[in-house]
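Chemist: First, the structure itself, so that you have it in front of you.
The values are calculated or read from the model by the stated rules, or taken from the named source; none is laboratory data. None of these values were measured; they are calculated from a predicted model. Cβ: placed from backbone, ideal geometry, glycine included. Neighbour counts: every protein chain shown.
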Amino acid sequence: MTFISVLLRDLERSSPGSGETAKQVLSMLGGISPKSALFVGDEIATPQLISERFGCRLVSAFTDEIRVQQGSEAGLDASAVQLFELPGGDGSYDLIWYNGIVDFDGCEQRLEQLRAKLAMGGILVYRAVSWLTEPSPDTKMFCQRRFGRILPLDKVLVLAKEMGWHVQDFYIAPKSDWQKGYYEPLISAAEKYAGIHKDDSSVSLGMSELRKEHGIFEAHCEEYSCVYYILKG
C-alpha cells in the first residue's frame, strides 16, 4: 500500500465527489420508493444521504476496512467486500448506487454484474469515468493506465440501451468534485506527509506522480470526468 492510499483513508472520500453532486443525482431519481438499496463506494456521506432520503434497508459495501469501520460508527449497515464484489443475492435491491472509479474489466461486464443484483424495474446509479470529448493521445494513455477502460459518454448510453436498460438520465460531475473534493485535500495531506519523510524516495516518487496526475487533470479536465448514469432495469 502506497502512502497515498494510506492518506486517502483519512480524507472524507477516496475519489472525486461531493455532497452537492450526490444530492443532485438523488433529485434526478424521480419519485421512487425503494424497499432495499445497495451502495458500493469509498465514502460514507452518500449512503447517509440515501438512507435519509428513502429510509429503506440499505447495505453499504466498501473495499477498505477503515471505511467499513467509519460506516458502522455512523450507523450504517456496512460490510467489507473484495474489489468488484457485490453483496446479496440476485434481484436483492430496488436501488443500487455504484460509485465506480477504476475499472479494467469494462462497462459492459460491470453493468451485467450490477443488473443481476437489481430487482426487476429497479434503478441503478452507475458512476464511471467517461470521455466527454475526443481525448488527446497523452491524456488517453495516462487516464487509461490510471482508470482502466474508459468509454465516451455517448457510447455508454448506446451500450446501456443495447443491453436493455432504460436510460433515465445522466449527470456529469463538475470540476469542483475533482479539485475541492479530491485533489486539494489529498495534495495538502501529501505535502505534510512528504515534509516529515523528506528522505524517503518512495514518498518523493509518489508526490511526483500525484502532481503529474493533477496537472493532467487541470490541463485536460474538459476531456473527461465522472459521469453518473441513471438506468432502469
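Chemist: Out of curiosity, is Glu222 over 28 Å from Pro152 (Cα atoms) and either under 21 Å from the mean Cα position of the chain (by Cα) or surrounded by fewer than 17 Cβ atoms within 10 Å (Cβ to Cβ) (or both)?
Modeler: no
Chemist: Could you check the stretch 94-117 and list, in sequence order, the residues that are of a type in the set (D, E, K, R), under 15 Å from the mean Cα position of the chain (by Cα) and assigned to a strand (DSSP E or B)?
Modeler: Asp103
Chemist: Now a separate question. List pairs: first residue in the stretch 185-214 and under 21 Å from Cys143 (Cα atoms), second residue crowded, with 16+ Cβ neighbours inside 10 Å and β-branched (Val, Ile, Thr) anywhere in the structure, Cβ distance under 6 angstrom, at least six positions apart or on different chains.
Modeler: Gly206/Ile4
Chemist: Can you give me the number of residues within the stretch 1-18 that are crowded, with 20+ Cβ neighbours inside 10 Å and not in a loop (DSSP other than H, G, I, E, B)?
Modeler: Adding up the residues that qualify gives 2.
Chemist: In the stretch 34-75, how many are under 24 Å from Gly89 (Cβ atoms), in a loop (DSSP other than H, G, I, E, B) and free of Cβ contacts under 8 Å to residues at least 40 places away in the same chain?
Modeler: Final tally of qualifying residues: 3.
Chemist: Considering the stretch 52-91 alone, what residues qualify as being of a type outside the set (Gly, Ala, Ser), under 19 Å from Gly19 (Cβ atoms) and surrounded by fewer than 16 Cβ atoms within 10 Å (Cβ to Cβ)?
Modeler: Glu52, Glu73
Chemist: State whether one or more residues within the stretch 161-175 are farther than 27 Å from Thr2 by Cβ and part of a helix (DSSP H, G or I).
Modeler: The answer is yes; a qualifying residue exists.
Chemist: Taking Leu58 as the residue in question, decide whether it is more than 22 Å from Asp177 (Cβ to Cβ) and under 18 Å from the mean Cα position of the chain (by Cα).
Modeler: Yes: the conditions hold for Leu58.
Chemist: Also: Looking only at residues that are in contact with a strand residue (DSSP E or B) (Cβ under 9 Å, 6 or more places away or on another chain) and of a type in the set (Gly, Ala, Ser) in the stretch 100-119, which one is surrounded by the fewest Cβ atoms within 10 Å (Cβ to Cβ)?
Modeler: Gly106
Chemist: Name the single residue, out of those in the stretch 8-32 being in contact with a strand residue (DSSP E or B) (Cβ under 8 Å, 6 or more places away or on another chain) and small (Gly, Ala, Ser), that is nearest to Glu65 (Cα to Cα).
Modeler: Checking each candidate, the answer is Ser15.
Chemist: Against the condition at pLDDT below 95 and under 23 Å from Ser27 (Cα atoms), how does Gly233 come out, does it pass?
Modeler: Against the criterion (at pLDDT below 95 and under 23 Å from Ser27 (Cα atoms)), Gly233 qualifies.
Chemist: Go through (1) at pLDDT below 95; (2) among the charged types (D, E, K, R); (3) not in a helix (DSSP H, G or I) and name the single condition Glu222 misses.
Modeler: (1)
Chemist: In this structure, is Tyr126 at pLDDT below 95 and surrounded by 15 or more Cβ atoms within 10 Å (Cβ to Cβ)?
Modeler: no
Chemist: Looking at (1) exposed (fewer than 14 other Cβ atoms within 10 Å of the Cβ); (2) of a type in the set (Ser, Thr, Tyr); (3) over 20 Å from the mean Cα position of the chain (by Cα), which one does Ser36 not meet, given that it meets all the others?
Modeler: Of the numbered conditions (1) exposed (fewer than 14 other Cβ atoms within 10 Å of the Cβ); (2) of a type in the set (Ser, Thr, Tyr); (3) over 20 Å from the mean Cα position of the chain (by Cα), the odd one out for Ser36 is (1).
Chemist: In this structure, is Asp200 surrounded by 13 or more Cβ atoms within 10 Å (Cβ to Cβ), over 19 Å from Glu108 (Cα atoms) and more than 16 Å from the chain's Cα centre (by Cα)?
Modeler: yes
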